[in-house]
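Here is the structure we will look at, set down as structure tokens.
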Amino acid sequence: MISALTEFIDELRAVGIPVSMVEAIDAAEAIEFTELGTRENLRATLGATLIKNSRHFDAFDRAFDVYFGLEPIGEMEEGSQSDTPSQGDVWAGGGPGGGDALLDSLMDALLAGDGDQLARLVSNAVDRYAGMQSGRPVGGRYYAYRVLRRIDADQLLERLIATLGSSTRVDSIEERIQRERAEALVQQVRDQLEQEITGRMIADRGRRQVAANRRLPLVEDIDLMHATRLEIAELERAIRPLARKLATRLGQRRRRGSKGRLDVRRTIRRSLGHGGVMLEPQFKPPRKSKPEIVILCDVSGSMATFARFTMQLTYAISAELAKVRVFAFIDGLDEVTGYFSTNTDFSDGLVAMSREADIVRRDGHSDYGRSFTEMWERYSDAVTSRSTVIITGDARNNYRDPGLEAFERIVDRSRATMWLNPESQRFWDTGDSVMSGYSIACDSVDQARTLRQLEAFVERATLPTARRPRVGV
Amino acid sequence: MPTNWNSPADVRAALGDAGYLADDRIAQVVFLATRLDKPILAEGPAGVGKTALALALAEATGRRLVRLQCYEGLDEAKALYEWDYHKQLLRLQSDEGAQWDDLEGDIFSEPFLLERPLLTAIRSEESVVLLIDEADRVEVETEALLLEVLDAYQVTIPELGTVEATTRPIVVLTSNNTRELSEALKRRCLYLYVPYPTIERERAILEMRVPDLPEQFVDRIARTVASIRKIPIRKAPSVSESIDWALTLLALGIEELDDAATASTLNVLLKYQTDIERTAKELSLELDAETQPE
């Protein structure tokens, strides 16, 4: 058990989950008090001791299924693939019409909730259709795809919906509910399939290898510029607490000595109760700082995915702070604050913004110079000595005039200017990137390729108490 | 640990008697906490019963519940202990001729100490359940206060020395995940993530909390709420809101829970107008005049 545990912990660390020595010891100790009869008990024990962040559970479950998963029913074929169906088919028929019979049997098992039968059926389907061979250098997803193509998951879904939806009263919620029930059942088939295939691959290649092949990046390590649709959904869930944190950090005065001035009147009044001894000094409540945030966001094509996150961040910040103004630009700049106010839905706002905002003037390629100039000419009143300017963009200016003069005017008037660049620092100043031209003037420039880096930025983001003198260029 | 629980199943039964439906994972983690003497850090969206777990634990074990509600600005004087200035001053004034050395020892002693929740929990004769609610609300610096208590179950008061726990409390911290708690704190705890319940568990909760609810409503409510939680909105309906919804439907005497009935009561489930509109759109519901914005 101990060796399995240490290997498992090694795998977690390899994914990027921080597991400390203390936690590893806790886990070993906790196993003593765990009934090992069911896997789920062990999963709960290891989850509670090794994982301390809800975002890490997906990766944990993936690794757990490899290291402590169920044994597969069948095994991988040795040598060449045989075309004869394996013995003991559990669905009727076989031969060319086998697919339909399989579908029927799957439906029956799913609707009856018979997990054992489902496992046998899936194992059989893998025998027949996956063509798994020992030593073949392909991933489990390829085998799963081959089987699913034959099972025809779409047809299974449609037939499940038709069967479940037999009730007389059908309204739109009922329809949606039945669809979701059917989808959950199809998902059971997919999960079972993955379990079976993974199990067989483990028998062939060993746990360590399979775990490494199945590894997915943690949410905080996903590249924000190239996230897939699924990853985006996950990222968006993680970004909301982050925005709230950024808002409080920006709103925070420096804590030390933040109690406010001595309130002499109230101190004397209070002292009367103690015979005039001023025991409890009373303080005026500290003045609430009212930070003003100005966000300039490059929303051009190359930045589309990242811009979505910055907009989301912005949306969440404006729910926390009163004075937030948002500007989007490509080769023109427009204020988009109105699209992300508290009483609009975020996705609606995003759609409305891309339709209505006046941000494309010429060809739709970023023009930072023109955008900063417009910012200065049309909205210079938005930037005051109390405002923090946050700029998000890759500073790829398509070899146009960077507009440094307007940029520096904006920076000089602001209290602080921070730049977030989603590109890897290695590529700054290569090609048409003019990052260093801008970075000299900024108070901070951060690479923000992943949520982890964004978090680090938020962690550091406190306002300077006074404006620092800047050296003009 | 004077709990007579020998297995997670015992925990589950005891919590069930206290009106809390624990799933296997929750029962297992609570059982481990009592065996390893470790605090439980319960994290998850608002309204899934994290605080209720602590309350149920107190009831199930017959212990007193000591609650520390966290908020921004919570400090030592409000969490651990404070010296009673007023009383100390009266003592000094009443005895003006006395020697300072005698007085000093006197005024920094037990009778002048004001206990705050953490110290109360540590000093209690009988062991208690200590609930540190919404731990994510305090600043990172204040979090450090908790470490000594959670680690060694002791509190150090410079004038008095170290107060050690005579009995081990069961500690539950809750967090709504508005910020990451520090690594140091997390390392000391067993982590229990409490997500929205599964459809089966939500059904069981509804059956227990709203016993008059007709059977066909239970399933429909659980599934509708689960479906709404998948829509990206600002505030997804919590368990307490689905219970409220069930109660509302009963109070209104609604006989058939169809699209129209759902649309007209959606405002019980959702707290923002934008969320109501978005959800209505996703579920293809017609909002009637009442739930439309003015």
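The values are calculated or read from the model by the stated rules, or taken from the named source; none is laboratory data. Keep in mind it's a predicted model, so treat the numbers as computed, not measured. Positions of Cβ are backbone-derived with ideal geometry, glycine not excepted, and every protein chain shown enters the neighbour counts.
Where strands (runs of 3 or more DSSP E) fall entirely within segment B:153-196, those with at least 1 residues that are over 11 Å from A:Lys52 (Cβ atoms) and more than 14 Å from chain A (Cβ to nearest Cβ) are at B:154-157, B:161-164, B:170-175.
Give, as residue ranges, the strands (runs of 3 or more DSSP E) completely inside segment B:1-117 that count at least 1 residues that are touching a residue at least 40 places away in the same chain (Cβ under 8 Å) and among the basic types (Lys, Arg). Walk me through it before giving the result.
On the way: elements: B:40-43, B:65-69, B:81-83, B:113-115.
Strands (runs of 3 or more DSSP E) meeting the threshold: B:65-69.
The selection criterion, being more than 10 Å from chain A (Cβ to nearest Cβ), part of a helix (DSSP H, G or I) and free of Cβ contacts under 8 Å to residues at least 60 places away in the same chain, holds for B:Ile276. Restricting attention to segment A:318-352, the residues that are at pLDDT below 80, among the aliphatic types (A, V, I, L, M) and in a helix (DSSP H, G or I) add up to 1.
Only residues that are within 9 Å of chain A (Cβ to nearest Cβ) and over 19 Å from B:Gln154 (Cα atoms) were counted in segment B:18-34, giving 8. Checking each residue in segment A:390-415 for being more than 19 Å from A:Val294 (Cβ to Cβ) and over 32 Å from the mean Cα position of the chain (by Cα) picks out A:Tyr399, A:Arg400, A:Asp401, A:Pro402. Checked against (1) more than 9 Å from every other protein chain (Cβ to nearest Cβ); (2) under 30 Å from B:Leu53 (Cα atoms); (3) in a helix (DSSP H, G or I), B:Pro237 meets all criteria but (3). Just checking, does segment B:226-233 include any residue being out of contact with any Phe, Trp or Tyr (no Cβ under 9 Å at 6 or more places or on another chain) and crowded, with 18+ Cβ neighbours inside 10 Å? Checked against the condition, which is being out of contact with any Phe, Trp or Tyr (no Cβ under 9 Å at 6 or more places or on another chain) and crowded, with 18+ Cβ neighbours inside 10 Å, segment B:226-233 yields at least one hit.
Please note which helices (runs of 4 or more DSSP H) are completely contained in segment A:2-65 and include at least 3 residues that are crowded, with 20+ Cβ neighbours inside 10 Å and touching a residue at least 40 places away in the same chain (Cβ under 8 Å). Don't jump to the end; show me each part of the working.
Working: elements: A:2-15, A:21-31, A:39-50.
Filter on segment A:2-65 gives A:2-15.
Filtered by the rule that a residue be buried (at least 18 other Cβ atoms within 10 Å of the Cβ), in a loop (DSSP other than H, G, I, E, B) and not basic (Lys, Arg), segment A:404-438 gives A:Ser414, A:Pro422, A:Glu423, A:Trp428, A:Val434. Close contacts from segment A:415-433, counting a first residue that is within 30 Å of A:Thr384 (Cα to Cα) and a second that is among the small types (Gly, Ala, Ser) and assigned to a strand (DSSP E or B), with Cβ to Cβ under 7 Å and a gap of 6+ residues or different chains, come to A:Arg415/A:Ser387; A:Met418/A:Ser444.
Within segment A:192-233, being surrounded by 16 or more Cβ atoms within 10 Å (Cβ to Cβ), in contact with a Leu (Cβ under 8 Å, 6 or more places away or on another chain) and either away from chain B (no Cβ under 14 Å) or aromatic (Phe, Trp, Tyr) (or both) holds for A:Gln192, A:Leu193, A:Gln195, A:Gly199, A:Ile222, A:Leu224, A:Ala227. In segment A:341-352, the residues that are within 10 Å of chain B (Cβ to nearest Cβ) and closer than 13 Å to A:Ala328 by Cβ reach residues that are hydrophobic (A, V, I, L, M, F, W, C) and crowded, with 18+ Cβ neighbours inside 10 Å with C-beta atoms within less than 7 angstrom, at least six apart or across chains, in these pairs: A:Gly349/A:Phe340. Look at segment A:117-169 and say how many of its residues are away from chain B (no Cβ under 14 Å) and either part of a helix (DSSP H, G or I) or in contact with a Cys (Cβ under 7 Å, 6 or more places away or on another chain) (or both). Here the count works out to 37.
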